[in-house]
Amino acid sequence: MNIIITGASRGIGRELVKRYSKKADKIYAVARDGNKLESLAGEFKNVKPVVLDLSDLKSVRKFGKEIKNIDMVICNAAISLPHSPSFTPFEDFKKTMDINFLSVHALLEGIVPDMQKRKRGKIVLISSLASLVGAPSSMPYSASKRALNSYAQSLRNLLAPNIKVINILPGFIKTDMTQKNDFYMPFLMELDEGVDRIQKAIEKNYKEYAFPKRLYYLIKFFNMLPVSLQDKLLQKVAK
Ligand SMILES: NC(=O)c1ccc[n+]([C@@H]2O[C@H](COP(=O)([O-])OP(=O)(O)OC[C@H]3O[C@@H](n4cnc5c(N)ncnc54)[C@H](OP(=O)(O)O)[C@@H]3O)[C@@H](O)[C@H]2O)c1
């Protein structure tokens, strides 16, 4: 089995590389930090570092078109700008959309036709529970992840039944991404536990998997409230 994992240098992606290194023939570990990728490759001989900036969409498309015989792609890399009440500058918005959303299609553009020819493959998208609420203080992150949810639904039904598409919506997990948050993160989870759940969803081919359930159902309940009440609550949180 040949796997691509993006965002492989740290956090969830790095842990996924470690776990899949026991099962895979080859793992293409994608990120910008070459030193961190080299240290992974030193530990696991089947890990091949791919130093690539996912905001460079031209290079991402080139990589996706050149690589062949991929059985699974885990599109995990993302950025989250520090939460801020100020209106996001265009450049920051574009960067977030490029890395978190457009780079996924740029990568898959070359890989999906190859999977279609081979009539098999698995595509895993790492979205977020943040995709289910338009948080005022992290507009680009919520928007990029909501776009990913729509993309996942389209892709899953376009590529069924031969190619499996799995969309995962985690809550808060302890990584560099959450370390910089200075607000209360309900049900914050250890990295190991979060990756256990992600791995289970991948192995069991869940179409969509949101966790932890307590936070997921709270958000579902929130989304059933009248919009005016949702807005009141969101404006309180934003201040
Ligand atoms: N942690 C959470 O609570 C949480 C919750 C919900 C969803 N998620 C999602 O889970 C995924 C992993 O998050 P994480 O918490 O593990 O984040 P993280 O610790 O911040 O790691 C992010 C990874 O993405 C890579 N990356 C960032 N910008 C990149 C770029 N321009 N080009 C290539 N790679 C880039 C980073 O590598 P380099 O810096 O070396 O490039 C790093 O390996 C993300 O999609 C995130 O949105 C996380």
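The values are calculated or read from the model by the stated rules, or taken from the named source; none is laboratory data. This one's a predicted model, so the numbers in the text were calculated from it and none came from an experiment. Positions of Cβ are backbone-derived with ideal geometry, glycine not excepted, and every protein chain shown enters the neighbour counts. Protein only, heavy atoms only, side chains kept; ligands, DNA and RNA dropped before computing areas. Shrake-Rupley method; radii C 1.70, N 1.55, O 1.52, S 1.80 Å.
Give me a count of the residues in region 64-73 that are under 20 Å from the mean Cα position of the chain (by Cα) and either modelled with pLDDT under 95 or surrounded by fewer than 18 Cβ atoms within 10 Å (Cβ to Cβ) (or both).
1
In region 22-35, what residues are farther than 24 Å from R61 by Cβ and touching a helix residue (DSSP H, G or I) at 6+ places or on another chain (Cβ under 8 Å)?
none
Test F63 against the stated conditions and say whether it is in contact with a helix residue (DSSP H, G or I) (Cβ under 8 Å, 6 or more places away or on another chain), closer than 21 Å to M1 by Cβ and within 14 Å of the ligand (Cβ to nearest atom).
Yes: the conditions hold for F63.
Look through region 30-41, keep the residues that are among the aliphatic types (A, V, I, L, M) and near the ligand (Cβ under 9 Å from one of its atoms), and return whichever of them is nearest to I4 (Cα to Cα).
V30
Give me the pairs: first residue in region 6-17 and polar (S, T, N, Q), second residue in a loop (DSSP other than H, G, I, E, B), beta-carbon distance under 8 Å, and six or more apart or on different chains, which are they?
Close Cβ pairs (under 8 Å, with a partner that is in a loop (DSSP other than H, G, I, E, B)) amount to T6/L54; T6/N76; T6/A77; S9/R32; S9/D33.
Based on this model, can you work out whether L191 counts as in contact (Cβ under 8 Å) with a residue 60 or more places away in the chain, touching an Asp or Glu at 6+ places or on another chain (Cβ under 7 Å) and within 16 Å of the ligand (Cβ to nearest atom)?
Taking the combined requirement at face value, the residue satisfies it.
Name the helices (runs of 4 or more DSSP H) wholly within region 134-208 that hold at least 3 residues that are of a type in the set (D, E) and surrounded by fewer than 17 Cβ atoms within 10 Å (Cβ to Cβ)?
Answer list for region 134-208: 191-203.
In region 224-239, which residues are open to solvent by 70 Å² or more (accessible area, probe 1.4 Å) and not in a loop (DSSP other than H, G, I, E, B)?
If the condition is that a residue be open to solvent by 70 Å² or more (accessible area, probe 1.4 Å) and not in a loop (DSSP other than H, G, I, E, B), then M224, V227, S228, L229, K232, L233, Q235, K236, V237 are the ones that fit.
Any residue at all in region 102-111 that's within 22 Å of M185 (Cα to Cα) and either touching a Cys at 6+ places or on another chain (Cβ under 6 Å) or assigned to a helix (DSSP H, G or I) (or both)?
No; the residues of region 102-111 include none that is within 22 Å of M185 (Cα to Cα) and either touching a Cys at 6+ places or on another chain (Cβ under 6 Å) or assigned to a helix (DSSP H, G or I) (or both).
Restricting attention to region 66-80, which residues are over 16 Å from L16 (Cα atoms) and within 8 Å of the ligand (Cβ to nearest atom)?
Across region 66-80, the qualifying residues are I79, S80.
Looking only at region 115-133, filter to residues that are more than 11 Å from the ligand (Cβ to nearest atom) and part of a loop (DSSP other than H, G, I, E, B); which one of those is nearest to I3 (Cα to Cα)?
Step by step, filter region 115-133, then rank; the result is R120.
Counting only residues that are closer than 15 Å to M72 by Cβ and touching a strand residue (DSSP E or B) at 6+ places or on another chain (Cβ under 6 Å), which one in region 8-20 is farthest from the ligand (Cβ to nearest atom)?
Y20
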